[in-house]
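What follows is a single structure, written as C-alpha cells, with notes after it.
Bear in mind these aren't lab numbers, they're just calculated from the coordinates by the rules spelled out. This one's a predicted model, so the numbers in the text were calculated from it and none came from an experiment. Here the Cβ is made from the backbone with ideal geometry for all residues, glycine too, and neighbour counts use every protein chain on show.
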Amino acid sequence: MTRLRFGAFLAPHHPIGEHPMLQFRSDIDLVEHLDRLGFDEFWCGEHHSTGWEMIASPEMFLAAAAQRSHTIKLGTGVISLPYHHPFNVAQRIVQLDHMSGGRAIFGSGPGALASDAHTLCIDPLKQRDRQDEALGVIKRLLDGDERVTYECEWFQIKDAKLQLLPLQEKLPMVTASTISPSGMTLAGKYGTGVISIGSTSTEGLAALSTQWAFAEQAAQKYGTTVNRKDWRVMLSWHIAETREQARREAGEGLMRWNNEYILETLQRPNTKRFTSADQAVDETAFVPGAATVIGTPDDLIAAIRKLIPLTGGFGTVIGFVHDWANREHTRRSWDMVARYVIPELNGMMDRYRESREFVINNRGAFEQAGKAVMNKILEHEGATAALAKTKNSRLAMPGHNAPDLMRK
C-alpha cells in the first residue's frame, strides 16, 4: 500500500487585529507542532497586500521554521516568479535547502493577488508567461550543468552559474494549480510536481477529475515525466470530537473569513454574505461537492476517500491553515488528524483489527489452550499438596524431635 502523505498550507489568512510579531511566532510554533505530530510537509506563501496575508518572504519564514523543526519538509507555497529576478530566486532556494538540512521544496506560481501585481506594475495577462520563462531559467541554474545566458523583455542574465547547488541531489520542484489548466500544463512541461490550491473551492474540487490529464499531455509533448505521487491536493477542515463541537468552534471564524476577506477584501465573484455562524457552516461544509470538512475524524476520512477516485489518485493531502477557531482548538484539530485520520487512511489500524478479529474468531482454540494451562497448574498444585503431606508425615514420626528433647 502506497502511503498517503499529509501537509499543511499557510497562506496565511489571519484576521487583522493581532500583533504581527506574535502572529509570526504563533505560525512558527505551529510548524514545530506539526513536525512533532509527524506531518510530512509545511507550505507558506508570498503576499504583499490585503492585510490578511502577511508573509512577504516564504524563504525567510521557512528558514526560521527550520530551526524549530527536524523532519518536516518546508515548501514555498508559492514564490511568485514574475515578482523576482530568476537568479535571486534560485540563490535563495538553494540557501534555504542548506539551512534546513535538505528539507526545502521549491514551489512557484504566477502570483495570486491582483493588488500585488498592480503595486509592481505587472500586467496580469503576462504573469503566467513570465512564470514559465523564469522557471525554465531557474531549472537550468539548479541543474548546474552550464552557464546560463538569457535575455527577455523583463530580465537579463549573462554567464550565470550558481556557486552553490542544493543540498538535496534533486531539489523537489512544484507548480501551483488552480482551476485553469495552466499550472498543470507547466508542471508537465518541466516535469515538476503540482499543488492544487484551487481545490479548496467547490468549483476547484469538481475540476480535479480532469486536471491531471493536462500535466500528462504536456509531459508527452515536451518529453518529460510526471508522477501522481508528486501531486498535492488541498482541502479545508476543522476537526473535533463531534460535529456539534466542530461547528461551535469554527463557525464564527468561518463567517468572518468569508465576509471580511473573501467577500469584502478580495470581492470574489459569486461570494455570498453569511448572516450567522450556522449558515456559514451549513453552506460551506454541508452542501453537495463541498471542499470543506467541519466535523469529526470520520468525516474527514470519508471526504478524502471520495477524493481519491475523483482525482484518479494523488500523493499528498494538504490542509489549509486558517484562524476559524482559536489556537487551542485549531491545534487540537491538527492533533486529531494526526492521531486518527492519517493512521486510518494509511492502513496502520488494519493489522490491529485483524489481530483482534483473529482472537475473537478462534476463541475455541484459545480456550483449549487455556484448559491445558489450567491442567498443568492443577497438576502442580496436586504435586505440591502431596509433597506437603509427605513432609508432615515425617515430622510426626517418633524420634523426629529427639534433638529438642536432648536440649531440654
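Computed from backbone phi, the HN-Hα couplings of the range 115-131 come to 5, 5, 4, 4, 4, 8, 6, 9, 5, x, 6, 9, 5, 5, 5, 5, 4 Hz, rounded to whole numbers (Karplus: 6.51 cos²θ - 1.76 cosθ + 1.60, θ = phi - 60°; Gly and Pro given as x).
Dividing the Cα radius of gyration of the range 221-322 by 2.2 N^0.38 Å, with N the residue count, gives 1.25.
Note on residue 376: aspartates and glutamates with a C-alpha under 18 Å away, same-chain residues under 8 apart excluded, are 367. Report, in listed order, any pair from 229/272; 170/221; 158/229 with a Cα-Cα distance greater than 28 Å. Beyond 28 Å between Cα atoms: 229/272; 158/229.
If we count other beta carbons within 10 Å of each Cβ, what is the order of 247, 356, fewest first?
Values: 247 21, 356 10.
So the residues, fewest neighbours to most, are 356, 247.
Under a 5 Å amide H cut-off, with hydrogens placed 1.01 Å from N, residue 177 pairs with 195, 196, 197, 198 among residues at least 5 apart or on other chains. Extension gain for the segment residue 164 to residue 241, taken as residue separation times 0.36 nm less the Cα-Cα distance, is 22.8 nm to one decimal. Residues whose amide H comes within less than 5 Å of that of residue 6, counting only those at least five positions distant or on another chain, are 40, 41, 317 (H built at 1.01 Å from N in the peptide plane). Of all aspartates and glutamates in the structure, those lying under 17 Å Cα to Cα from residue 306, and not within fewer than 8 positions of it along the same chain, are 203, 298, 344. Using equal-weight Cα scatterers in the Debye expression, the normalised intensity of the range 121-173 in log10 at q = 0.13, 0.19, 0.26 Å⁻¹ is -0.38, -0.72, -1.05. Once both labels are positioned 7 Å from their Cα atoms along Cα-to-Cβ, the gap between residue 338 and residue 120 label points is 3.4 nm. With the Kirkwood sum run over all distinct C-alpha pairs, the range 196-265 has a hydrodynamic radius of 15.0 Å.
Cut-off 10 angstrom, C-alpha nodes, Gaussian network model of the chain. Which of 28, 55, 262 fluctuates the most? Ranking 28, 55, 262 by mean-square fluctuation puts 262 first. Springs join every pair of Cα atoms under 10 Å in this Gaussian network model of the chain, and among 370, 347, 188 the largest mean-square fluctuation is at 370. Hey, what angle do you get for helix 20-37 against the long axis of the chain, alpha-carbon based, 0 to 90 degrees rounded to 10? On a 0 to 90 degree scale, this one is about 50. Simple spin-label estimate for residue 21 and residue 279 gives 4.1 nm between the two label positions (7 Å along the Cα-to-Cβ direction from each Cα). When each of 234, 99, 255 is scored by the number of other beta-carbon atoms lying within 10 Å, the sequence from fewest to most is 99, 255, 234. If I take R0 = 30 Å and measure r between the Cβ atoms of residue 209 and residue 268 in this structure, what FRET efficiency does the formula 1/(1 + (r/R0)^6) give, to the nearest 0.05? The formula returns an efficiency of 0.85 here.
Computed from the mean reciprocal separation of all distinct C-alpha pairs, what Kirkwood hydrodynamic radius does the chain have, in Å?
24.5 Å
Compared with the dominant Cα axis of the chain, that is its longest principal axis, helix 327-336 is turned about 60°. In units of the compact-protein estimate 2.2 N^0.38 Å, the range 100-255 shows a Cα radius of gyration of 1.25.
Cα centroids of the range 203-265 and the range 1-79: 17 Å apart. Per-residue Cβ neighbour counts within 10 Å put 59, 367 in the sequence 367, 59, beginning with the fewest. Listed values for the range 197-203 are Karplus-derived 3J(HN,Hα) couplings in whole Hz (6.51 cos²θ - 1.76 cosθ + 1.60, θ = phi - 60°), namely 7, x, 6, 6, 9, 4, 5, and x replaces Gly and Pro. Kindly provide the trypsin sites (Lys or Arg not before Pro) of the range 119-198 that DSSP labels as loop, not H, G, I, E or B, and whose Cβ sees at most 14 other Cβ atoms within 10 Å. For trypsin sites (Lys or Arg not before Pro) across the range 119-198 that sit outside H, G, I, E and B with at most 14 neighbouring Cβ atoms in 10 Å, the list reads 147, 161, 170.
Largest mean-square fluctuation among 292, 175, 149, in a Gaussian network model of the chain whose springs join Cα atoms under 10 Å apart, belongs to 149. Normalised by 2.2 N^0.38 Å, where N counts its residues, the alpha-carbon radius of gyration of the range 240-392 equals 1.87.
At 25 °C and a viscosity of 0.890 mPa s, what translational diffusion coefficient does Stokes-Einstein give for the range 14-148, taking Rh as the Kirkwood radius over Cα pairs? Give it in µm²/s as a whole number.
Numbers: Rh = 15.7 Å.
Rounded to a whole number, D works out at 156 µm²/s.
For the chain, with only Lys/Arg (+1) and Asp/Glu (-1) charged at the beta-carbon, what is the dipole magnitude about the Cα centre, in debye rounded to 20? Intermediate results must be reported in sequence, preceding the final value.
Values: 46 positive and 48 negative charges, 408 e Å.
The dipole magnitude comes to about 1960 debye.
Under 5 Å between amide hydrogens, built in the peptide plane, is the criterion, and for residue 74 it picks out 42, 104, 105 among residues at least 5 positions away or on other chains.
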